[in-house]
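Encoded as structure tokens, the structure appears first; notes follow it.
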Amino acid sequence: MSVTSIVRHRLFWPCVTLALLCAVNVFFNHNFFALEVRNGALYGSVIDILNRAAPLMLVAMGMTLVIATRGIDVSVGATVAIAGAVVAVMIGGTLVIKDGVQSYVANFPMPLAIIAALAVALLCGLWNGALVAGAGMQPIIATLILMVAGRGVAQLVTEGQIVTIYYEPFFFIGNGFLFGIPFALYIVAAVLLILLYLTQRTALGLFIQAVGLNPTAARFSGISARALVLWVYGFCGVTAGIAGLIITSNVKSADGNNAGLAMELDAILAVALGGTSLDGGRFSLIGTLIGALIIQTLTYAIYSLGVPPEINLVVKALVVFTVCLIQSERLRSMLFTHTARIGEKS
Amino acid sequence: MLKSRRNLLSAVVIGLIASAVAMPSFAAEKKLTLGFAQVGAESEWRTANTTSIKEAAKAAGIELKFSDAQQKQENQIKAIRSFIAQKVDVIGFAPVVTTGWDTVLKEAKAAKIPVILTDRSIETKDDSLYVTMIGSDFTEEGRKAGQWLLDNYKAQGDVNIVELQGTVGSAPAIERQKGFMEVIKANPKFKVTRSQTGDFTRAKGKEVMEAFLKADPNINVLFAHNDDMAIGAIQAIEAAGKKPGKDIIIVSVDAVKGAFEAMMAGKLNVTVECNPQLGPQLMDIVKQVKAGKQLPKRINTKEGIFPMETAAKEFPNRKY
Amino acid sequence: MTEQQAILQMQGIHKRFPGVVALKDVSLRLFPGEVHALMGQNGAGKSTLIKVLTGVENADSGDITLAGKAIRVTSVLEAQELGISTVYQEVNLCSNLSVAENIFIGRFPFRFGRIDWKTMNAKARTALAALNIDIDVSLPLSSYPVAIQQMVAIARALGTEAQVLILDEPTSSLDEDEVERLFDALRKLKAKGIAILFVTHFLDQTYAISDRITVLRNGELEGEYLAADLPRIQLINKMVGREIDESSFARQTESGEAKASAGEPFLAARNLGRAGTLRPLDLDVHAGQVLGLGGLLGSGRTETARLLFGIDHADSGSAKINGVPVSLNSPRKAIRQGLAFCPEDRKTEGIVAELSIRENIILALQAHRGIFRFLPLRKQTQIAEEYVKQLGIKTSDVEKPIGQLSGGNQQKALLARWLATEPKMLILDEPTRGIDVAAKLEIMDLVKTQCRKGLAILFISSEMSEVLRVSDRIAVLRDRQKIGELDGASADEQSIFRMIAGGES
Amino acid sequence: MSLTRHLNPRTLPLIITTTLFVALFGFGAISYDAFLSPQVFLNLLIDNGFLLVVAIGMTFVIISGGIDLSVGSIVALTTMVSASLVQHHHWSIWVILPLVLLMGCAFGLLHGVLIQVFRLQAFIVTLGGMFLARGLCYVISIDSISITDPTYTALSEYRLALGEETFISLSGIIALVTLAIAIFIAHYTKFGRTVYAIGGNERSALLMGLPVARTKIMVYVLSGFCSALGGILVTLYMLSGYGLHALGMELDAIAAAVIGGTLLTGGVGNVIGTLIGVLILGVIQSLIAFDGSLSSWWTRIAIGLLLFLFCLLQRIIERSGLGRKAKSTTA
């Protein structure tokens, strides 16, 4: 591969951004890349970032597909909360103390609870899809409805409480390690592989792009655009549901009000940072993952650098602007022609 | 086909209106009406607070007009304005922030509706805008937490404290920090080395604590602005292979059930109570106000502090 | 003849795009009060030349002089201020604005510091009246068919104080009547001394209105001629760069044999109609035959196609395919029945511009197979390349975005998309719009070839000569209803127009 | 027989929306005592004046085919800067007002330039602006700042009596004046029509010789200005500056515009529709406040459901209405 073709690659600039952020982290914390094994699990900053980014990566992957169909889903945060609430309430909020011994009891079998939570998340997604594809509402307003009401539903399920889960096996999803690597990352990998398979080894990718770029032409070619859009939203709901499970498992409790708060913005940001246009069409799942990692690495840097909390957002804003400018082809071509001109003169 | 569609539509509209007409009006006999504008349902503490008020109103035979502001001041102002329009007897509200209430409260005053504050006070030059304020004192909670630490932390050398703040800009975050700092200043050995917001949530508390632990191996004390963040942080500390409550002393505020469970497991050292059970007291005051009694400007609720040792005994008494 | 001063002169224009030389040393001159036709095949450089002239693109080198003064046009606005206004092939207006606004935006009449809508609407009505159009100018442009929109665009261009008027294939969506109205208007402008540059693929129109012809080929100037001195066949040869026989324009009469095979129709529609769109009509399309739909714009041709393909739902009548009743209520169902449809508006309903040629070609086939019976990449490339070769699509690489192809090649790729599904019936709505003469011939030949292979074909075109050329039978429409059917072999333009003008229903 | 046939398809959605608003208000009037009073209606304006102003700016942005997520944060920053300057630095209100308006414009200019000149996505740029403005609030102060300045207080408490027990506040009046100006800009100026043209078809607008780049940047400046003006109204409304003011207002503003018939794809919509959109959001809140029996989560669900019912009805009526219209015009 020649240098120019690497530079031209759509993932080049997102990767550069991520590398820069890591460099910043290393500069302030020399142990940034240090990994050690503790309790049979890898331990270190990088693992933290990957682990913490897992829910965002999942949601952002679902969001990528939605955006590719020219849509947007601002309800993912609410779906995260609903899925978390359902699984928490079903698995169990009771701590039984018998003869001074604490024991944990699940109200419903865990697999059932997980399936139920994912089913509810799927329903949330399909609801959005039905409003967009069926009723023809504008995606942002259609999903805004669930964004507003969804958190209410989550709180209704938990009755406004933070439901704590006392059931050891469930904690594995968000806290467990398999072969030294957080289990959540296996989930991300599995979803990614499934998606890569679906978008590259089946016609799904082609159809999504066709629908996103030219819905009429897609319909006239015999693609059932409506069904496709419906299921893409449904899928986005499921990824948000899985993210909800991970978050819930990770903190061992479900918080209807706060779980997944503002996650929709981060997810959309991740998609955009990964090089996917918000106007639909061509998309990159890997890019989205890199985008999610950029966001999480930045957050981590803010925490560990001792940035005062009141300027968190300013730092984040400056990074967003910088990243966008780095990725702006227009700016690069302007700089390039400028330097070229200087070169000509000298 | 079109026609039938239009008919369907008009049927829906008529149905909506008809159901509205059919709804019974609750304006029967003259009951005392309290319009209460709640902050939201942002935490366990808050929901316990709401439940307490609702139950107390029912028990006291007061009709409650409840409004949820979803953590937005403008929503609370709107709600108060609608209470004025509805001509309720008393308005109560838990201010989202301390500032910016004068205008709407003057409207309430003009409409001769007394106002009671709960939970926190407001900044105003005109004290006559509200009758009284009942509730907790966040600064005091911070002081209590700090005092406990000074009294009970017996190690040698510098004490490195990390702080998990509440939502940036929120009153409990600002005031708990203020109170805590006030007290800690007394001993130069106690230093807050890192401070970051955990947005009052478990997830953020855990995430921030993880980063702290990686960046700084010498953390002696964690001060969390609420129990939820403390519980999240405990998980992070455990994951890092340290013992919460022993290697790192944990001080937090609120005293919710989860904190008691953590204390019983020996993972949390102390929690300062912030009592949400204001309902019965509020209803009493509403009745007194309506009866025209003079009341002090500030009525504090009784709040305790619960160290680890008392947890098991206290746990069964906790309602929230 | 050069005593007169040229109002506009372009000299030695070079323009390079990455990898392609679009214009090489091209010159052009325009005289006041003449209609000058710019001819050439697709890709000859006509569009680029016009873009350079109107400030959309900047030339790499070359000079432009207007009224004796050297000018440098860097933006459309500048061009307009200099008095060069343009009507583009695709309607480049804003369909969400009202008709009047589209004519006057950028130069609104103001009164008391605000836009004077009343005056504007009145002026717009006058401007359109000059083109013999009488419509409600306060409605959004999107309320009107493409033809009207094109006339609005022309009205807009005429309105500016233009010295030079450029018309880039303005007639491709107009019917004969409207073309005549346009020409009337052009003649008036000519008389006023305005120089008109007219780009078109229609030979008849070129000769009907032009005084002078400039021919481009492969980005180079082929020559400038007086229209009167250049016979048609020579013009074509100069454009194409090779000899084309006059006879290829003659109708291929294949009467008899095709019709003899006609027994049971492939598709039989009875009483098919939709309230407000199309009055119920009967239609039979036979395998191995081309059924042409004749009629003016707005006569219901596209509406018929949309009903058959299930895009709009019929509310009366029924359809049978091979004698079996079918309900065609979605494109998917229609495709499953072996139907295929190339829509009129290639850009917004046909191609997916950003996707590659390969992806565009296999799109319908893949949609037919469903998500999971995925064609492997190798198979896709094979299919695409096969059709690229078979249909003569000019491209170096099937992975190029289809939007980069010329109109004719896009149309062929669309045909390929449908042929790949091995359809039994092909509905072609204006397949020759906006493409050059040679490509038109190729498309029509392809239609005939496919027909011989046994496909049933429904052919729609605004150009009667094309309909006549390919059709075995012609159904004539007027005012959204079918008024009769003619035999393709015996019909001629006269007989069709007589039928349309006839008035009996 | 059918009224809609004679209507301009552009005004039809507006009429539908208005009718549905009246139905909602009627629903409240029947269900709750004291709902049907002029003051309840005026309260909609008093309590949502700032939202109206912000949503007007948003409407222009959306019509041009863009989006501006920063509006809520700019509102908060405006309150913060105003409060800080007047309380801590004792500046005169007459200096502060133009200053914060200028600041809003500067934010808009920044967004516009990044979007137009560097071809960045509006969503992301304004998301960055949202973080920046909100972050700057905390840099000024994390605590809220109460305003005790007599001029601010007087303006805040000014009430124009419109009858017995019926009044409107200054911010309500300013909002209505802004609305009038916005209608003028949208329909009677070249800038306004260019915004519509760009939203309809940016390429065409360019080919028609319209100043596309300038107008697009100006649209964001206008939105920044409206946000700052909205911020001033919020300052007057709450008499304080606070970093957490107007949290999520961008979504309310977008919702108001969209409910009012503005299409997010650009080119379609109008400012009066936005007024109705704001009133609908307001009346939904009023209905819930008057009901006063919903718990926190039911409040949210109820808002969602009302929004859903409203949008659904709107879509159904539009489809049947516009469907008929389309049939009669496609040739």
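Conditions (1) open to solvent by less than 50 Å² (accessible area, probe 1.4 Å); (2) touching a Gly at 6+ places or on another chain (Cβ under 9 Å); (3) in a loop (DSSP other than H, G, I, E, B); (4) within 13 Å of another protein chain (Cβ to nearest Cβ), marked per residue:
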site	(1), (2), (3), (4)
C:GLU264	no, yes, yes, no
C:GLY273	yes, yes, no, yes
C:ASP312	yes, no, yes, yes
C:GLU354	no, yes, yes, yes
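Scanning segment D:24-51 for residues that are open to solvent by 20 Å² or more (accessible area, probe 1.4 Å), at the interface with another protein chain (Cβ under 7 Å from one of its Cβ atoms), closer than 21 Å to B:GLN76 by Cα and assigned to a helix (DSSP H, G or I) returns a single hit, D:GLN39.
Only residues that are touching a Lys or Arg at 6+ places or on another chain (Cβ under 7 Å) and either open to solvent by 10 Å² or more (accessible area, probe 1.4 Å) or more than 20 Å from C:ARG217 (Cβ to Cβ) (or both) were counted across segment C:42-54, and they come to 1. Residue count for segment A:207-253, restricted to those that are outside any helix (DSSP H, G or I) and closer than 29 Å to D:LEU69 by Cα: 1.
On the given criteria, is B:ALA259 under 25 Å from the mean Cα position of the chain (by Cα), over 30 Å from B:ASP89 (Cα atoms) and either of a type outside the set (D, E, K, R) or in a helix (DSSP H, G or I) (or both)? It is true that B:ALA259 is under 25 Å from the mean Cα position of the chain (by Cα), over 30 Å from B:ASP89 (Cα atoms) and either of a type outside the set (D, E, K, R) or in a helix (DSSP H, G or I) (or both).
For segment A:189-200, indicate whether the set of residues that are at pLDDT below 90, outside any helix (DSSP H, G or I) and either out of contact with any Pro (no Cβ under 8 Å at 6 or more places or on another chain) or away from chain B (no Cβ under 14 Å) (or both) is non-empty. No; the residues of segment A:189-200 include none that is at pLDDT below 90, outside any helix (DSSP H, G or I) and either out of contact with any Pro (no Cβ under 8 Å at 6 or more places or on another chain) or away from chain B (no Cβ under 14 Å) (or both). Here D:SER169 meets the list (1) under 24 Å from D:ASP47 (Cβ atoms); (2) within 12 Å of chain B (Cβ to nearest Cβ); (3) over 18 Å from the mean Cα position of the chain (by Cα) almost entirely, failing just condition (3). In this entry, A:ALA340 is excluded by the filter for residues that are more than 18 Å from B:THR197 (Cα to Cα), of a type in the set (Gly, Ala, Ser) and either modelled with pLDDT of 80 or more or touching a Phe, Trp or Tyr at 6+ places or on another chain (Cβ under 9 Å) (or both). If you go through segment B:89-110 and keep only what is more than 16 Å from B:THR132 (Cβ to Cβ) and more than 9 Å from chain D (Cβ to nearest Cβ), you end up with just B:ALA110. Is segment A:274-288 home to any residue that is within 24 Å of B:GLU210 (Cβ to Cβ), surrounded by 24 or more Cβ atoms within 10 Å (Cβ to Cβ) and not polar (S, T, N, Q)? No, the conditions are met nowhere in segment A:274-288. Is at least one residue of segment C:146-154 part of a loop (DSSP other than H, G, I, E, B) and either out of contact with any Lys or Arg (no Cβ under 9 Å at 6 or more places or on another chain) or surrounded by fewer than 18 Cβ atoms within 10 Å (Cβ to Cβ) (or both)? No.
Of all the residues in segment D:290-306, those that are part of a loop (DSSP other than H, G, I, E, B) and either in contact with a helix residue (DSSP H, G or I) (Cβ under 9 Å, 6 or more places away or on another chain) or within 7 Å of chain A (Cβ to nearest Cβ) (or both) number 3. Counting only strands (runs of 3 or more DSSP E) that sit completely within segment B:47-136, those holding 2 or more residues that are without any contact (Cβ under 8 Å) to a residue 40 or more places away in the chain and either closer than 23 Å to A:ILE162 by Cβ or in contact with a Ser or Thr (Cβ under 6 Å, 6 or more places away or on another chain) (or both) correspond to B:63-68. Among the residues of segment C:449-461, those identified as over 8 Å from C:VAL290 (Cα atoms) and open to solvent by less than 10 Å² (accessible area, probe 1.4 Å) are C:ILE460, C:SER461. With respect to the conditions (1) buried (at least 24 other Cβ atoms within 10 Å of the Cβ); (2) within 24 Å of the chain's Cα centre (by Cα); (3) under 30 Å from C:GLU399 (Cα atoms), C:GLY292 falls short on a single one, namely (3). Residues in segment A:306-340 that are more than 15 Å from D:ARG119 (Cβ to Cβ), of a type outside the set (S, T, N, Q) and within 24 Å of the chain's Cα centre (by Cα): A:PRO309, A:LEU313, A:VAL314, A:VAL315, A:LYS316, A:ALA317, A:LEU318, A:VAL319, A:VAL320. Of the residues in segment C:333-350, how many are assigned to a helix (DSSP H, G or I) and within 12 Å of C:ALA364 (Cβ to Cβ)? Adding up the residues that qualify gives 4.
The set of residues in segment B:128-156 being open to solvent by 50 Å² or more (accessible area, probe 1.4 Å) and over 23 Å from the mean Cα position of the chain (by Cα) consists of B:SER128, B:ASP151, B:ASN152, B:LYS154, B:GLN156.
When A:ALA116 is tested against (1) surrounded by 24 or more Cβ atoms within 10 Å (Cβ to Cβ); (2) within 20 Å of A:CYS236 (Cα to Cα); (3) not basic (Lys, Arg), exactly one condition is not met: (1). Could you please find all residues in segment C:75-95 being facing chain D (nearest Cβ under 7 Å) and within 22 Å of the chain's Cα centre (by Cα)? C:TYR88, C:ASN92, C:LEU93, C:CYS94, C:SER95 - these are the residues of segment C:75-95 that are facing chain D (nearest Cβ under 7 Å) and within 22 Å of the chain's Cα centre (by Cα).
Evaluated against (1) surrounded by 19 or more Cβ atoms within 10 Å (Cβ to Cβ); (2) assigned to a strand (DSSP E or B), D:LEU160 falls short on exactly one condition, (1).
The condition of being away from every other protein chain (no Cβ under 14 Å), open to solvent by less than 20 Å² (accessible area, probe 1.4 Å), of a type in the set (A, V, I, L, M, F, W, C) and closer than 29 Å to A:TYR303 by Cβ holds for only one of B:VAL159, B:VAL115, B:VAL208, B:VAL168, that being B:VAL159.
Somewhere in segment B:224-244, is a residue basic (Lys, Arg) and either buried (at least 22 other Cβ atoms within 10 Å of the Cβ) or within 9 Å of chain A (Cβ to nearest Cβ) (or both)? No; the residues of segment B:224-244 include none that is basic (Lys, Arg) and either buried (at least 22 other Cβ atoms within 10 Å of the Cβ) or within 9 Å of chain A (Cβ to nearest Cβ) (or both). I want to confirm something. Restricting to segment C:108-135 and keeping residues that are open to solvent by 50 Å² or more (accessible area, probe 1.4 Å) and within 9 Å of chain D (Cβ to nearest Cβ), which single residue is farthest from C:ARG181 (Cα to Cα)? Among them, the one singled out is C:GLY113. The set of residues in segment A:231-244 that are over 14 Å from A:GLY71 (Cβ atoms) and open to solvent by 10 Å² or more (accessible area, probe 1.4 Å) comprises A:VAL238, A:ILE242. Does A:GLN155 satisfy the condition of being within 7 Å of chain D (Cβ to nearest Cβ) and out of contact with any His (no Cβ under 8 Å at 6 or more places or on another chain)? Yes. Considered as a group, the residues in segment A:289-303 that are among the polar types (S, T, N, Q) and open to solvent by 10 Å² or more (accessible area, probe 1.4 Å) include one that is farthest from the other protein chains (Cβ to nearest Cβ), and that residue is A:GLN296.
The values are calculated or read from the model by the stated rules, or taken from the named source; none is laboratory data. Being a predicted model, the structure only gives us computed values, none of them experimental. Cβ sites come from the backbone with ideal geometry, for glycine too, and all protein chains shown count toward neighbours. The area values use the complete protein model at the heavy-atom level, side chains included, leaving out ligands, DNA and RNA. Shrake-Rupley method; radii C 1.70, N 1.55, O 1.52, S 1.80 Å.
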